[in-house]
Amino acid sequence: MQYSKDVEKLKQMNCLNLCEILPYLRRRRSTEEIFTSALKEADFESCDRIYVGTSFCGKYFLQQSVKELEELFSFCEEKNINVTLVIPTFSEGDLENGKKQIAKIVKLGKSVMDEFTANDVGVLSYLREFNKHINTGRLFMKDYRDPRYEEYFHIPWKPKMFTSYFKKLLKKYQIKSCEFDATHKYMDFSEVPEDIIPAIHVPYTYQTVGRICEYASIDKDISKKFRPNDICHKSCAENLVKYAVSDGNMEYVKFGRTVYFKHPGFELKGLDLYRLIYFPIDMK
């Protein structure tokens, strides 16, 4: 990932994003091999934090493997790496099971999990009872995101999310970090509140996410395909879709219900401390 910074003493915290992709990577590798390969791909000398869970799919969140998480938490404890649990927006029907799953995973990771990332206001409210740090997730960032519109893509970006209402939420829930996708070529963070640590997802920017999971429909009769909130068997963990498109400047992939584009590189401005969250989807 190529990017430049305007602050010589800028401090970067290296993080790995294993949300949703952990089962996919575990098909061929041990936890140690995933970690070593991901660090090399990200060009990190070390790792400060690992993110697990999902920003995009409540059904996937409910189906996470206890065994995989236990092995990862044990590895993180051994390596002295902190863990962030990323929590999606749940459907009304899955909300209570979602709360139970959160409590179960918190118990499993009690030695290493020190914070949450929430992707809606309702989850923010629920998480307060766990007495851990809370971040706002990438779904709170509502900026347009389509690199095919080159003129817009090259306009210097400043966050639109820090309205008076949102600042009140940050204060109410004592938010520590806000997550962002690199939606533009030039990213200016000078208007981010001073007590908030920006966290930037690389090298893939999520472009869109749908409600209906095509993987859940693969083995269904045509009359039962493409239903929202369908039963999850984690079929997405076995498939990575790469798109062949006429736009030769961008690479597009689909994992789960989410479409991403690979950002070619960006410039950062207005930062002195931030997290870089690397998604190791390209590991060979």
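Numbers for the structure displayed
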| read-out | value |
| --- | --- |
| Qualifying position, being under 21 Å from S30 (Cβ atoms) and at pLDDT 95 or above, among E115, E77, E96 | E77 |
| Hey, L169 under 20 Å from the mean Cα position of the chain (by Cα), under 27 Å from V83 (Cα atoms) and of a type in the set (A, V, I, L, M, F, W, C) or not | no |
| Residues of segment 120-171 classified as part of a loop (DSSP other than H, G, I, E, B), over 28 Å from V245 (Cβ atoms) and of a type outside the set (A, V, I, L, M, F, W, C), total | 6 |
| Enumeration of residues in segment 127-179 that are free of Cβ contacts under 8 Å to residues at least 40 places away in the same chain, of a type in the set (D, E) and either closer than 22 Å to G109 by Cα or touching a Gly at 6+ places or on another chain (Cβ under 9 Å) (or both) | E129 |
| Qualifying position, being at pLDDT below 95 and closer than 18 Å to P88 by Cα, among I175, I212 | I212 |
| Residue list for segment 254-265, filter: buried (at least 17 other Cβ atoms within 10 Å of the Cβ), out of contact with any Ser or Thr (no Cβ under 8 Å at 6 or more places or on another chain) and not charged (D, E, K, R) | F255 |
| Strands (runs of 3 or more DSSP E) contained in segment 181-266 and holding at least 3 residues touching a residue at least 40 places away in the same chain (Cβ under 8 Å) and closer than 26 Å to N14 by Cα | 186-188, 197-202, 204-209, 252-255, 258-262 |
| Residues within segment 74-112 that are within 18 Å of the chain's Cα centre (by Cα) and not in a helix (DSSP H, G or I), tallied | 10 |
| The lone exception for Y165 - which of (1) touching a helix residue (DSSP H, G or I) at 6+ places or on another chain (Cβ under 6 Å); (2) among the aromatic types (F, W, Y); (3) surrounded by fewer than 18 Cβ atoms within 10 Å (Cβ to Cβ) it fails | (1) |
| Qualifying residue in segment 88-95 (condition: over 30 Å from K160 (Cβ atoms) and aliphatic (A, V, I, L, M)) | no |
| Of residues in segment 114-136 being in contact with a helix residue (DSSP H, G or I) (Cβ under 9 Å, 6 or more places away or on another chain) and under 16 Å from R275 (Cα atoms), the one surrounded by the most Cβ atoms within 10 Å (Cβ to Cβ) | T117 |
| Subset of segment 218-238 that is loosely packed, with under 15 Cβ neighbours inside 10 Å, more than 21 Å from the chain's Cα centre (by Cα) and among the charged types (D, E, K, R) - its residue that is nearest to T54 (Cα to Cα) | R227 |
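Yes/no matrix, rows are residues, columns are (1) in contact with a Cys (Cβ under 7 Å, 6 or more places away or on another chain); (2) within 29 Å of G210 (Cα to Cα):
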site: A42; (1), (2): no, yes
site: Y51; (1), (2): yes, yes
site: S55; (1), (2): yes, yes
site: G58; (1), (2): no, yes
site: Q64; (1), (2): no, yes
site: V112; (1), (2): yes, no
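The values are calculated or read from the model by the stated rules, or taken from the named source; none is laboratory data. Quick caveat: nothing in here was measured; it's all calculated off a predicted structure. Positions of Cβ are generated from backbone atoms using ideal geometry, with glycine treated the same way; all protein chains shown enter the neighbour counts.
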